[in-house]
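Okay, so here's the structure we're looking at.
The values are calculated or read from the model by the stated rules, or taken from the named source; none is laboratory data. A quick note: this is a predicted structure, and the numbers were derived from the prediction, not measured. Cβ atoms come from the backbone with ideal geometry, glycine included; neighbour counts cover every protein chain shown. All accessible areas refer to the heavy atoms of the entire protein, side chains included, with ligands and DNA or RNA removed. Shrake-Rupley method; radii C 1.70, N 1.55, O 1.52, S 1.80 Å.
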Amino acid sequence: VMARQEIDVAECLRRGAIGALGAIPGTLAAHPIDLVKIRIQTGAGSARAAVRGLGTRASDWPRYYRGLGPGVLQKAATRGPMFLASEIGTQCCETGFGMPRERALVVGSLSSGYVTGFLAASFEWAKVQRSLGATVGSVSAKRRLAVCHGAGLRNAVFDATFFG
């Protein structure tokens, strides 16, 4: 197999669009479960208590979608760039270093995973705060940088495993 000679921009954009749009249905379906999980993690104690706190009548269903906007933005902001950046990184490794596709997928996905994880950490913070009915408070720049760096490292490992 010949090494890739140039970056296929259309393929990179196509993969980015697939990632961003493909994340939306799953986010819509999983958000109520994510909200219950967040409430358990932040003091509700149990799933039963979290559900009771949100309400169990049919008219209570909108409460299960608190924070949905930031949640959808988070997934679109991470999955689109995740797929786009992984493909760009992969193609750069193929063209710049002559790596075979399989090896380029791992190296390209490590770098793209770090970047997208770093960028998504702020959206996750906003989603959690809004789902709890709180306003997004300020966090020191040093703390936010540490959280973003940790999220970047976590995503680098995940993406290299997922794509590679």
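The rows are residues; the columns are (1) at negative phi; (2) surrounded by 13 or more Cβ atoms within 10 Å (Cβ to Cβ).
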| residue | (1), (2) |
| --- | --- |
| Ala23 | yes, yes |
| Lys37 | yes, yes |
| Gly55 | no, yes |
| Pro62 | yes, no |
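Please verify whether the stretch 80-94 includes one or more residues that are open to solvent by less than 60 Å² (accessible area, probe 1.4 Å), touching a residue at least 60 places away in the same chain (Cβ under 8 Å) and not in a helix (DSSP H, G or I). So far as the stretch 80-94 goes, no, none of its residues is open to solvent by less than 60 Å² (accessible area, probe 1.4 Å), touching a residue at least 60 places away in the same chain (Cβ under 8 Å) and not in a helix (DSSP H, G or I). Among residues of the stretch 64-79 being of a type in the set (A, V, I, L, M) and open to solvent by less than 50 Å² (accessible area, probe 1.4 Å), the one that is farthest from Gly19 (Cα to Cα) is Leu68. If you go through the stretch 48-89 and keep only what is polar (S, T, N, Q) and more than 19 Å from the chain's Cα centre (by Cα), you end up with Thr56, Ser59. Residues that are touching a residue at least 40 places away in the same chain (Cβ under 8 Å) and either at positive phi or open to solvent by 50 Å² or more (accessible area, probe 1.4 Å) (or both) within the stretch 1-20 comprise Val1, Arg4, Gln5, Glu6, Ile7, Asp8, Leu13, Arg15, Ile18, listed in sequence order. If Ser59 passes every condition in (1) more than 24 Å from Ala44 (Cα to Cα); (2) at pLDDT 90 or above; (3) of a type outside the set (D, E, K, R) but one, which one does it miss? Looking at each condition in turn, Ser59 falls short on (1).
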